[in-house]
């Protein structure tokens, strides 16, 4: 099935049940690295060669935030298959079965902010973009993502339960 999600991190899953997975960030990894690698290298140089403690600390904070953003955005993925959706990180995994999902939608957490798509078993949308827990999964929106999630949910509802 063609979803129109080429070049934005979507990939077919290695899971034998099939499905698709997306990174949390919608920006392609090469663009993220193009911006953050030079910044991290410059800040790393300041951490090593600067004599002022304040500059070293602030450079370390920038490098740490860059590493955290890269890990959260590209190592964490949302995987969708016939059974449900899963938020997978190197540290934990959150799974929502389709029969537990109450809402799938899109929202922007603030003016000028990136849009997010969420899947939740709650009766209301998430409180903010960091609201990922045992009941809510969310990731940055990209063209066709919401439609792909809704199509996967509809397909799961039509398929007979596993025996």
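Each value in this text was obtained by applying a stated rule to the coordinates, not by laboratory testing. All values derive from a computational prediction rather than experimental measurement. Reconstructed Cβ throughout: ideal geometry from the backbone, glycine too, with neighbour counts over all protein chains shown.
Of note:
- Between 82, 151, 113, the Gaussian network model of the chain with springs among Cα atoms under 10 angstrom shows the greatest mean-square fluctuation at 113.
- Normalised by the number of residues in the stretch 29-72, the average gap of Cα pairs under 8 Å and 6 or more apart makes the relative contact order 38 percent.
- Ranking of 51, 89, 136 by count of other Cβ atoms within 10 Å, fewest first: 51, 89, 136
- Selected from 111, 28, 38 as most flexible by GNM, with the chain as the system and alpha-carbon contacts under 10 Å: 111
- Cα-based helix-to-principal-axis angle, 145-158 vs the chain, degrees rounded to 10: 30 degrees
- Compared with the dominant principal axis of the Cα atoms in the chain, helix 29-49 is inclined by about 30°.
- Using alpha-carbon coordinates, inclination of helix 53-70 to the longest axis of the chain, degrees: 20 degrees
- Residue order, fewest to most beta carbons within 10 Å, for 72, 52: 52, 72
- Residue order, fewest to most beta carbons within 10 Å, for 36, 49, 118: 49, 36, 118
- Along each principal axis, taking the top coordinate minus the bottom one, the Cα set of the stretch 40-92 gives 56, 16, 11 Å in descending order.
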